[in-house]
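Colleague: Structure in structure tokens, see below.
Values quoted throughout were computed directly from the atomic coordinates according to the rules given, and no laboratory measurement underlies them. In this text, all values refer to a predicted model and were calculated from it rather than measured experimentally. Please note: Cβ atoms are built from the backbone with ideal geometry, for glycine as well, and neighbour counts cover all protein chains shown.
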Amino acid sequence: MTLLGEARTLLGPPENLRTLRRARYPSPDCTRAGAVGAACSLGGVDERTGTAGAAADPGPDTGEPVVGRDAQWARLLRAADPASPERVLLLLGEAGTGKSTLLDSVARRAAASGARVLRATGSESESDLAFSALHQLLRPVRTEAERLPDGQRATLCDALGGGRDAAPPDLMLVGVAVLNLLSALGGPSPLLVLLDDAPLFDRASLTVLSFVARRLAGEPVTMLVGARTGGRLPGFDRHAPTLVLGPLDDASAHRLLDLQPRSPVGRTRARILDQAVGNPLALVELARSARDPGREPAPAGPLPLTDHLERVFAARLDGLPSPTARALLLLAAMDTGDSALAVPAGLPGGGDDAWLPAEAAGLIGRTGSGVRFRHPLVRSAVYHAASSAARRAAHLALADMLLTEPDRRAWHRAAAAPHADADVSADLVR
Ligand SMILES: Nc1ncnc2c1ncn2[C@@H]1O[C@H](COP(=O)(O)OP(=O)(O)OP(=O)(O)O)[C@@H](O)[C@H]1O
Ligand SMILES: [Mg+2]
């Protein structure tokens with residue numbers, strides 16, 4: 001049977017899945033029944049790092065210099081300093097202004113000076129999946145979570161899909177468990193929690209993490225939260241101090257262009273500066289497009305900059321060989337924010353030639369055996385450029401690759417089903 005055919009057999013009454021998806025979001029007065037003290041498996045060797053409970057790797061140092069942003073960098077470092085009274089800081093800015101770049105940089109600095117770093121990155125494909133961001137954040141510390149008192153351990157276990165209780169866990173109890181876990185983790189050395197693209201987090205994780213954020217005073221834990229301007233961050237909006245990233249100043253914009261291979265000159269340079277209006281992503285990508293004959297930046301017109309950039313990326317998909325296009329779509333449909341660390345068997349590995357044309361087009365970067373999109377807008381461009389049938393087929397293919405991970409498998413089956421299906425629904429609440 002074809003992947004699409006398989007998808008059709010999964011179809012069922014639309015209400016089933018919607019009802020069960022809602023059921024994954026506990027109502028505020030919901031209480032968890034029966035799981036306290038139940039056997040649950042949070043611990044074990046971390047699959048991503050291969051170490052038991054090791055601090056999450058803040059990511060490879062790409063060596064790309066951070067241009068400008070001295071004041072913002074200093075402010076973030078101050079917040080990450082365990083002596084700072086500021087325990088939470090929101091980093092806001094338009095797409096491509098450099099939030100992730102700065103957060104990565106601070107993470108590397110903090111890790112180098114002995115702090116432990118945990119991070120989660122929001123993604124569109126996970127934003128409907130209750131507790132998926134928390135799952136991402138806490139996966140590397142499952143061993144430590146085993147040491148929580150029984151009740152909290154069981155609650156957390158239920159939330160992260162490892163428990164036996166089908167009833168959704170109480171959000172406040174999950175919040176208390178997470179607060180205690182983070183506080184304990186910060187004991188030996190300070191803990192830095194990075195939540196990037198947080199508006200894309202699922203609602204349950206946001207509720208829990210904002211509950212935690214409001215109780216970090218005096219704890220050896222700093223929470224830095226990256227979000228696009230205008231994205232809603234329920235629970236965080238009104239309480240946390242904020243740092244806004246505006247455009248790069250002129251000198252920094254010129255400097256960033258100077259650092260690009262075959263740095264643009266003359267009228268091309270002037271046009272790029274004009275279109276990018278200080279947005280670093282736009283500067284880098286428009287300069288790259290200007291290097292390819294026939295792909296010079298088109299007049300920006302009335303499109304918002306993000307749409308313009310998404311089109312710039314989508315144009316680079318034209319003419320890619322089909323194995324490359326398929327691999328890109330699978331990568332875009334993956335349910336993790338950190339593709340470099342979790343490429344499942346079945347997707348070409350980082351060393352596979354299928355990636356070469358995508359790398360040459362500036363769509364992905366390879367980090368040893370891993371692959372990651374060069375920017376979330378690339379993921380978005382790839383995902384939205386595909387037909388809905390191709391997207392569903394990609395999700396089904398991923399579900400087939402994830403036989404040993406029932407939770408992620410169920411998510412992909414749900415994403416592949418245009419309507420609800422009873423089997424998929426049952427998997428989601430299992
Ligand atoms: N200060 C900087 N110096 C050098 N390059 C930068 C800087 N800021 C951003 N960039 C470049 O711009 C690209 C986009 O930046 P980044 O991904 O950090 O933006 P973002 O604000 O996180 O965007 P989004 O909201 O879409 O996640 C980076 O890959 C990097 O190449
Ligand atoms: Mg970002």
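Colleague: Test of understanding: extend the Cα→C-beta vector of residue 307 to 7 Å, then name every residue of the stretch 112-131 with backbone N under 17 Å from that spot.
Modeller: The answer is none.
Colleague: Suppose R0 equals 22 Å; then what is the FRET efficiency for residue 360 and residue 64 from their Cβ-Cβ distance, rounded to the nearest 0.05?
Modeller: Efficiency, rounded to the nearest 0.05: 0.75.
Colleague: By count of other Cβ within 10 Å, fewest leading, how are 131, 236, 211 ordered?
Modeller: Working: 131 28, 236 22, 211 17.
Ranking 131, 236, 211 by Cβ neighbours within 10 Å, fewest first, gives 211, 236, 131.
Colleague: Just order 177-183, 250-256 by mean Cβ neighbour count inside 10 Å, highest at the front, would you?
Modeller: Details: 177-183: 21.9, 250-256: 16.1.
Ranking the peptides 177-183, 250-256 by packing returns 177-183, 250-256.
Colleague: While we're looking at this one, here's another question. Write down the Kirkwood hydrodynamic radius of the stretch 124-163, to one decimal in angstroms, obtained as one divided by the mean of 1/r over all alpha carbon pairs. Provide the component values of the computation, followed by the final result.
Modeller: Values: mean 1/r = 0.0944 Å⁻¹.
Result for the stretch 124-163 stands at 10.6 Å.
Colleague: As an exercise, use a Förster radius of 35 Å and the Cβ-Cβ distance of residue 388 and residue 262 to find the FRET efficiency, rounded to the nearest 0.05.
Modeller: 0.35
Colleague: Could you give the distance between the Cα centres of the stretch 342-401 and the stretch 96-148, to the whole Å?
Modeller: Measuring centre to centre over Cα atoms gives 21 Å.
Colleague: Give me the net charge of residue 187's neighbourhood, meaning all other residues with Cβ under 15 Å from the Cβ of residue 187; Lys, Arg count +1, Asp, Glu -1.
Modeller: Numbers: positive: 116, 147; negative: 144, 219.
My count for the surroundings of residue 187 gives 0.
Colleague: Please compute the modelled spin-label separation between residue 128 and residue 147, points set 7 Å along Cα→Cβ, answer in nm with one decimal.
Modeller: My value for the distance between the label points is 3.9 nm.
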